[in-house]
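Taken together, the values in this text are just the output of simple stated rules run on the coordinates, not laboratory data. The structure presented is a predicted model; accordingly, all values stated were derived computationally and were not measured. Using ideal geometry, Cβ is built from the backbone for each residue, glycine included, and neighbour counts are taken over all protein chains shown.
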There are 2 protein chains.
Amino acid sequence: MPTLDDVGRAAGVSRGTVSNVFNRPELVRPELRERVEAAARALGYGGPDPRGRLLKEGKFNAIGFMPPGAYPIAEVIRSPYGRELVLGAAQACDAAGATLSLVNGTDDTRIASIREALVDGFILGHSADIDLVSSAKRRRLPFVIVESDAGPDVNSIRTDGRKGALAVIRHLTGLGHRNFAILSIRRTAGPAIVHMPGETERALASGFALDHERLGGFADALAEAGLSIGRMPIIETTPGDPDAGAVVFDQCGDATAIVAMSDWQAITVLDEALRRGIHVPGTVSVTGFDGTAESARTTPPLTTVAQDIVGKGRMAAEMILANAPPRQVVMPVELVVRGSTARPHR
Amino acid sequence: MPTLDDVGRAAGVSRGTVSNVFNRPELVRPELRERVEAAARALGYGGPDPRGRLLKEGKFNAIGFMPPGAYPIAEVIRSPYGRELVLGAAQACDAAGATLSLVNGTDDTRIASIREALVDGFILGHSADIDLVSSAKRRRLPFVIVESDAGPDVNSIRTDGRKGALAVIRHLTGLGHRNFAILSIRRTAGPAIVHMPGETERALASGFALDHERLGGFADALAEAGLSIGRMPIIETTPGDPDAGAVVFDQCGDATAIVAMSDWQAITVLDEALRRGIHVPGTVSVTGFDGTAESARTTPPLTTVAQDIVGKGRMAAEMILANAPPRQVVMPVELVVRGSTARPHR
DNA sequence: GAAAATTCTTGGAGCGCTCCAATTATTCGC
DNA sequence: GCGAATAATTGGAGCGCTCCAAGAATTTTC
C-alpha cells in the first residue's frame, strides 16, 4: 500500500503537501493539487490511512457493546431484549454521530476484546463478571454495566428487578396460584438445566446478578404467601432456546403458573403450550419479564414486567458519551397484566 | 495517559521489557515482571494502547455496516429487514471472531465515514449511490453492496426483485384486481410523497436501484394484464413511518390492492386498516415484500415475497471476510401467499 | 524595483507500539 | 572455575500520519 511519502515522491512534493491535499485542499495551489491527485490516482493511493491519524489524534468515535455472558453478538440482535437495548444505544450514537461496535468475545477472548477494542467506551451487556469489569476498569475507558450494580465508582444502569419479581408473584398468588415453575436465564450456551424442588440452591447461587435479584424477589414474595422457593422447580435455559417450553411442561406437570425471567422465554412456553393444546391461561398461567414489543403481540398477550429497554440502552450510551462522573441508575418497572394470567384451574 | 516508556522508566527497565510483560509475560523473569506490573499499577497504566499496535500490525478485525440511504443506524435495528440483515452479518462475524461496527453517517458525513471507519471492509446497506461506491473503492477495502449491482469489479448481493415483483402482480391480477396502489420506499427521512396517476414518472426515476427493479417488475406484470403503471398512484414513504397507512387510504380510495415494497410498510397499512375498520383482504388486499419474520405474525398473515435476508447478511459479511475476487450474487425469491390477499370485493 | 506582506511548501518531531538483532546476565557441563 | 549454551533484556528502526515552525516563492505596496 502506498503512503503519503510515496505519493509525495511521485508528485515531486513533500509528504506534508500531500497530507494537505487530502485534508486541507484549500491550502495548496490548484495546479499542484491536481498534480498530487494525479500521482495518488496513478499509485492507487486510497487517502490517508486512519491508523496513522488515530495515533496522533486519539478518539475512535465509537462505543462498544459487549454482549452479556459469552453470548454471540448475533444472539443480541435476535433477542427481543438485546435488540431493544442496542436500539437505544444506536439512537444515542446517531445523535452523537458515533459508531456502535458490536464487540465479539467468546469466554476466553472477551478479556482480550476489552483490551483491544477500538472504542472510546463500553456498554457491558448485563454482567457482574468480576474479570470483565476489572479489565474494563484497567483500560481506563468509560464503561457502563447494564443490569447489575458494581459499586459507586462504576457506571451502572439496571432495572428494579426485585420489585418486578415481587409484583409478578404477588399478582399470581393473589389469583390463587400455589404451584410455580421458574424459568431462569442460563448464562452460557447449552441445553436446559433442571433444578427440581429440593435441589434449587445451586440455581439460586448461579448465573447473573440479574437472576439473583429477581429470584430474591420471587423468594420473598412467595414467602409472604407462605410458600418456599425451595419447593419450586427452577429451570435455566438460554433465552431463545426453542426447547425451553418443552422442558418446562415435561418437568413441571403440576405447576399452575410458569414464571419466566424474560419475555423471550415466556413466548417459547406459549408456543409450546399451543403445540400441546395446553390452554393459557385456563390450564396454566405464564408471565414474562421485560415488556418487549413482542410481549404485546403474543396469543394470549403476555402478562409481564415492563421496563423501558430502549431508554436504558440510550441512557447507557449517553453515559459513555458524556463521560461524566459515575452514576448508578435504577430504572422503574411496572407490572403489565394481560391475557396470559388467570385464576388457577379448578 | 502514561505510556510503555513511562512505565519502563518507573520500573527501571526498557520499553521493550514492559511490552513483553503485557504481551509475552513468559519471556520476562517473574521478579522483574512483578516490579513492572507494580509500576504500571502505580502509574495507572491501562495496558498497551491499541492505537500503537494498530499502526504496526494492520487489521482492525472489524467489518463495517453502513445503512442504506442516510438512515440512522437505529433505524436499521428497528426495521425488520435491517435487523435480519444485520443478524446475518453478526452470525458471520461471530464465526470469524470479528467485530461488527454499525457506522454512522448522515448525508454529508457518510463519505468521510467511509474514509475513516476503523474496519477491514464494508457492507453498504442497499445503495447504488455513486459517490459512496467510489469512495469505498478508493479506500481499497473489500466491500459488498447489498441490493444493487455495481458491475463486475464490485461485490454485490441482491434479490431477484424483478421476479418477486412480477409474482406479486400476477398473483393479484390473477385474483381479478385491476386497481392498485403502490407503496414505494422513500430514500430519505420525511413525510410521504404522493405521486397520483399521471405524475408517476418522477417516482419511477427516483429512489434506490431496488425500487427501479421492483417497479419495473410491477410495470411489466401490469402490462401483461393490459394495465399501465402510469395509471396507479405511487406513494413513497420511509419504512416505519407510522402515517404511511393513513396516507394510502386517504389518497387511494379506489385501489383494491395495495402493493408495498417492504413488509414493514405493508404492516403499517394493515394496522391502519384495522384502525379504520377496513377489512383485509375482504375490502382491500395487501402485499408486502421481504418475507420478514414479522410478516407471518400479522393479522391476517401477510402475502409477501420471501427471501433469505439473514442468509444475505451472512453471505455479505463472508464475502468481506474471505476477501476473494468480486462476485455478484442474486438471491432467489419466492411468493408466499397468505391471508392478506383475496379476490376483489363486489 | 526593493521591502513588506502574503501565500505555499517543507521536513523534523512525535504519536505508542512491536519487532528484532545485539547485548548482557545467568546457568550448565565437565 | 571457565568456556559454552541458554535465558533475559535492551534500544533502534519503523509503522503512516499530523502538526508546526521555518523557509521559499509569489504578490503587493509605495
Name the most mobile residue of B:Leu102, B:Leu227, B:Leu32, meaning the one with the largest mean-square fluctuation, in a Gaussian network model of chain B with Cα contacts below 10 Å. B:Leu32
Applying 1/(1 + (r/R0)^6) with R0 = 35 Å to the Cβ-Cβ distance of A:Asn23 and B:Val330, what FRET efficiency is obtained, to the nearest 0.05? 0.30
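Would you mind counting up the charge near B:Ile77? Only other residues with Cβ under 10 Å from its Cβ, with Lys and Arg at +1 and Asp and Glu at -1.
Working: positive: A:Arg83, B:Arg78, B:Arg83; negative: A:Glu84, B:Glu75.
Summing Lys and Arg as +1 and Asp and Glu as -1 gives +1.
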For the range A:283-346 the translational diffusion coefficient, Stokes-Einstein from a Kirkwood Rh over Cα pairs at 25 °C and viscosity 0.890 mPa s, in µm²/s, is roughly 179 µm²/s
With point charges of +1 on the Cβ of Lys and Arg and -1 on the Cβ of Asp and Glu, referenced to the Cα centre of the protein assembly as shown, which listed residue (B:Ala342, B:Ile309, B:Gly291) lies farthest in the positive direction of the dipole? B:Ile309
Counting other Cβ atoms within 10 Å of each Cβ, which trypsin sites (Lys or Arg not before Pro) in the range B:84-147 have at most 15 and sit in a DSSP loop? B:Arg140
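Given a Förster distance of 22 Å, report the FRET efficiency between A:Arg231 and A:Arg343 from their Cβ-Cβ distance, rounded to the nearest 0.05.
0.60
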Taking every pair of alpha-carbon atoms in the protein assembly as shown, what share in percent sits in each 10 Å bin, from 0 to the bin with the longest distance? 3, 14, 21, 22, 20, 12, 6, 2, 0, 0
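Roughly how crowded by other chains is peptide A:289-301, in terms of the mean Cβ count from those chains within 10 Å of each of its Cβ atoms?
Partner-chain Cβ atoms within 10 Å, mean over residues of A:289-301: 1.
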Springs between alpha-carbon pairs under 10 angstrom, Gaussian network model over chain A: which of A:Ile157, A:Ile111, A:Ile123 fluctuates most? A:Ile111
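On alpha carbon coordinates alone, what is the Rg over Rh value for the range A:4-48, Rh being the Kirkwood radius?
Values: Rg = 8.8 Å, Rh = 9.8 Å.
Using Cα coordinates only, the ratio equals 0.89.
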What residue among B:Leu124, B:Ile182, B:Met232 has its Cα farthest toward the positive end of the dipole of the range B:108-261, where the charges are +1 on Lys, Arg and -1 on Asp, Glu, each on the Cβ? B:Leu124
Over chain B, the sum of -39500 (n - 2.57) across DSSP H runs of at least four, divided by residue number and rounded to 500 deg cm²/dmol, gives at 222 nm -13000 deg cm²/dmol
Enter the angle in degrees (range 0 to 90, nearest 10) between the Cα long axis of helix B:80-96 and the first principal axis of the Cα atoms of chain B, meaning the one along which they spread out most. 30 degrees
Helix B:161-175 sits off the longest principal axis of the Cα atoms of chain B, rounded to the nearest 10 on a 0 to 90 degree scale, by 30 degrees
Protection proxy ranking of B:332-343, A:234-245 - average other beta-carbon atoms within 10 Å, highest first: A:234-245, B:332-343
Would you mind computing the Rg to Rh ratio of chain B from its alpha-carbon coordinates, Kirkwood style for Rh? 1.16
Could you pull out the trypsin sites (Lys or Arg not before Pro) across the range B:19-72 that fall in loop regions by DSSP (anything but H, G, I, E, B) with no more than 16 other Cβ atoms inside 10 Å? B:Lys59
Vicinal HN-Hα couplings computed from phi for the range A:18-31 (Karplus, 6.51 cos²θ - 1.76 cosθ + 1.60; Hz; Gly/Pro x): 4, 4, 4, 4, 7, 10, 9, x, 5, 7, 10, 3, x, 5
Once you average over the residues of A:59-68, how many Cβ atoms of partner chains fall within 10 Å of each Cβ? 3
Where the eigenvalues come from the Cα gyration tensor of the range B:60-159, what are the semi-axes √(5λ) of the equivalent ellipsoid, largest first, in whole Å? 18, 15, 14
Give me the inter-chain shielding for B:81-89: mean count of other chain Cβ atoms within 10 Å, whole number please. 3
Limiting things to C-alpha atoms, what are the Rg and the maximum Cα-Cα separation (Dmax) for the range A:239-346, in angstroms? 16.6, 57
